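Trainee: The structure follows.
The values are calculated or read from the model by the stated rules, or taken from the named source; none is laboratory data. Source: prediction; values computed, not measured. Reconstructed Cβ throughout: ideal geometry from the backbone, glycine too, with neighbour counts over all protein chains shown. Protein only, heavy atoms only, side chains kept; ligands, DNA and RNA dropped before computing areas. Shrake-Rupley method; radii C 1.70, N 1.55, O 1.52, S 1.80 Å.
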Amino acid sequence: MQNKIQDIDWALSKLKKSNRGKEWQKTVDDVFDETTLRNIQQLFNRGVFGTIENMIATGKEANLFRAKTFDGRNRAVKIYRLNTATFRKLNPYIEGDPRFRNIGNSPRDRVFTWAQKEYKNLYAMKAAGAEVPQPFHVYKNIVVMQYMGWRYRPYPPVRELPPQDPMDFLDQLIESIKAYRSKNLSHGDLSEYNILNVREKPYIIDVGQAVPKGHPMYDELHKRDMKNMYRYWKKQIRELEKEVFD
Ligand SMILES: Nc1ncnc2c1ncn2[C@@H]1O[C@H](COP(=O)(O)OP(=O)(O)O)[C@@H](O)[C@H]1O
Ligand SMILES: [Mg+2]
């Protein structure tokens, strides 16, 4: 027992050594509060991963890290921050989701529910045949999934690296969209930022806000997604017809 805290220090030591200045330090301190450290400890004890290697991204509600398992495999670890008020933003997506009737009362519990929701959405989409990162684990505010990257660099979103053959790429993307639609899900935040260009294969990410049929925003969210997709892909493919996204 007495080694536990040392273990977690060690697990984070690489990350902490890579200090990149004040802003960076603040971000790291922000996400690793006491509860989160305990939750990481728990994942560590369960053998889900062994070390956290580097920070991939800082988003509005979550930070992304690359972690390594004890046998050296990469994992993407999405940690939702517990010290923000942005959980309010999450509410409309959780409320009305029949899968989560018991959403918890405290802001913290709601963030935990949100992480559960992202995990479930990833799982359902993957099972449907959509290309999304494989989910491995969820615990409290932490989602562990397949790492889409090479060494320390994640594959870029199409926003940063548009595909070489947009028509072929889009065909594959539409297959993924059809796959999760067949399981009655709407993504809800589909954009050029949330589609990774994985060696010219599209991977859809950021599925926390996805909702199932029966949710009051189910249709509206999908319509908005398709509108965004048309707007983006029309710029890549001039002869693209609107009907592709019906
Ligand atoms: N499974 C993953 N593998 C590698 N990088 C990822 C993975 N998931 C997310 N990322 C990186 O982290 C960034 C933010 O992730 P995302 O899930 O979109 O969170 P946010 O809600 O902050 O937008 C992405 O743009 C991508 O660069
Ligand atoms: Mg995103």
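Trainee: Restricting attention to the range 220-231, does a residue exist that is over 13 Å from Asp189 (Cα atoms), in a helix (DSSP H, G or I) and modelled with pLDDT of 95 or more?
Mentor: Going through the range 220-231, the residues over 13 Å from Asp189 (Cα atoms) turn out to be 230-231.
So of that shortlist, the ones also in a helix (DSSP H, G or I) come out as 230-231.
Subsequent filtering for residues that are modelled with pLDDT of 95 or more retains 230-231.
There is at least one residue in the range 220-231 that is over 13 Å from Asp189 (Cα atoms), in a helix (DSSP H, G or I) and modelled with pLDDT of 95 or more.
Trainee: Ok, one more. State yes or no: is Pro202 over 30 Å from Gln42 (Cα atoms), in a strand (DSSP E or B) and at pLDDT 95 or above?
Mentor: On the way: over 30 Å from Gln42 (Cα atoms): yes; in a strand (DSSP E or B): yes; at pLDDT 95 or above: yes.
Here the answer is yes, as Pro202 does meet what is asked.
Trainee: Here's something else I'd like to know. Can we say Ser176 is of a type in the set (Gly, Ala, Ser), within 16 Å of ligand 1 (Cβ to nearest atom), open to solvent by 10 Å² or more (accessible area, probe 1.4 Å) and under 17 Å from the mean Cα position of the chain (by Cα)?
Mentor: Numbers: of a type in the set (Gly, Ala, Ser): yes; within 16 Å of ligand 1 (Cβ to nearest atom): yes; open to solvent by 10 Å² or more (accessible area, probe 1.4 Å): no; under 17 Å from the mean Cα position of the chain (by Cα): yes.
Taking the combined requirement at face value, the residue does not satisfy it.
Trainee: Go through the range 207-219 and give me each residue that's without any contact (Cβ under 8 Å) to a residue 40 or more places away in the chain and in a loop (DSSP other than H, G, I, E, B).
Mentor: From the range 207-219, those without any contact (Cβ under 8 Å) to a residue 40 or more places away in the chain are 213, 218-219; that's our starting set.
Passing the criteria: only Lys213.
Trainee: Still on this structure, please answer the following. Would you check if Val143 is under 30 Å from Trp24 (Cβ atoms), in contact (Cβ under 8 Å) with a residue 60 or more places away in the chain and crowded, with 20+ Cβ neighbours inside 10 Å? Write out each step before concluding.
Mentor: On the way: under 30 Å from Trp24 (Cβ atoms): yes; in contact (Cβ under 8 Å) with a residue 60 or more places away in the chain: yes; crowded, with 20+ Cβ neighbours inside 10 Å: yes.
Considered against the rule, which asks whether it is under 30 Å from Trp24 (Cβ atoms), in contact (Cβ under 8 Å) with a residue 60 or more places away in the chain and crowded, with 20+ Cβ neighbours inside 10 Å, Val143 comes out as yes.
Trainee: Would you check if there is a residue in the range 52-67 being modelled with pLDDT of 90 or more, open to solvent by 40 Å² or more (accessible area, probe 1.4 Å), closer than 19 Å to Arg153 by Cβ and part of a loop (DSSP other than H, G, I, E, B)?
Mentor: No, the conditions are met nowhere in the range 52-67.
Trainee: Scan Gly188, Gly208, Gly214 and give me the residue that is under 30 Å from Arg101 (Cα atoms) and open to solvent by 40 Å² or more (accessible area, probe 1.4 Å). Quick ask: steps written out before the conclusion?
Mentor: Values: Gly188 fails: open to solvent by 40 Å² or more (accessible area, probe 1.4 Å); Gly208 fails: open to solvent by 40 Å² or more (accessible area, probe 1.4 Å).
One residue alone meets the criteria, Gly214.
Trainee: While we're here: Take the residues in the range 5-31 that are in contact (Cβ under 8 Å) with a residue 40 or more places away in the chain and closer than 18 Å to Arg108 by Cα, then tell me which one is surrounded by the fewest Cβ atoms within 10 Å (Cβ to Cβ).
Mentor: Applying the first criterion (in contact (Cβ under 8 Å) with a residue 40 or more places away in the chain) to the range 5-31 yields 10-12, 14-15, 30-31.
Pick out the ones that are also closer than 18 Å to Arg108 by Cα and you get 30-31.
Values: Asp30: 15, Val31: 20.
Ranking the qualifying residues of the range 5-31, first place goes to Asp30.
Trainee: Next up: Which numbered condition trips up Met148, out of (1) surrounded by fewer than 14 Cβ atoms within 10 Å (Cβ to Cβ); (2) touching a Pro at 6+ places or on another chain (Cβ under 8 Å); (3) not acidic (Asp, Glu)?
Mentor: Tallying (1) surrounded by fewer than 14 Cβ atoms within 10 Å (Cβ to Cβ); (2) touching a Pro at 6+ places or on another chain (Cβ under 8 Å); (3) not acidic (Asp, Glu), Met148 fails exactly one: (1).
Trainee: Only one of Arg199, Arg231 is more than 14 Å from ligand 2 (Cβ to nearest atom) and within 22 Å of Ile56 (Cα to Cα). Can you tell me which? Please lay out each step first, then the result.
Mentor: Details: Arg231 fails: within 22 Å of Ile56 (Cα to Cα).
Result of the check over Arg199, Arg231: Arg199.
Trainee: Still on this structure, I have one more. Is it the case that the range 160-168 has a residue that's in contact with a Pro (Cβ under 8 Å, 6 or more places away or on another chain) and open to solvent by 60 Å² or more (accessible area, probe 1.4 Å)?
Mentor: Looking through the range 160-168, none of the residues is in contact with a Pro (Cβ under 8 Å, 6 or more places away or on another chain) and open to solvent by 60 Å² or more (accessible area, probe 1.4 Å).
Trainee: Just to be sure, is Arg46 open to solvent by 30 Å² or more (accessible area, probe 1.4 Å), closer than 14 Å to Asp9 by Cβ and either away from ligand 1 (no atom under 16 Å from the Cβ) or not aliphatic (A, V, I, L, M) (or both)?
Mentor: Values: open to solvent by 30 Å² or more (accessible area, probe 1.4 Å): yes; closer than 14 Å to Asp9 by Cβ: no; either away from ligand 1 (no atom under 16 Å from the Cβ) or not aliphatic (A, V, I, L, M) (or both): yes.
No; evaluated as a whole, the condition is false for this residue.
Trainee: Then there's this: With respect to Ser182, is the statement that it is more than 14 Å from ligand 2 (Cβ to nearest atom) and farther than 17 Å from Ala76 by Cβ true? Working first, answer last.
Mentor: Details: more than 14 Å from ligand 2 (Cβ to nearest atom): yes; farther than 17 Å from Ala76 by Cβ: yes.
Taking the combined requirement at face value, the residue satisfies it.
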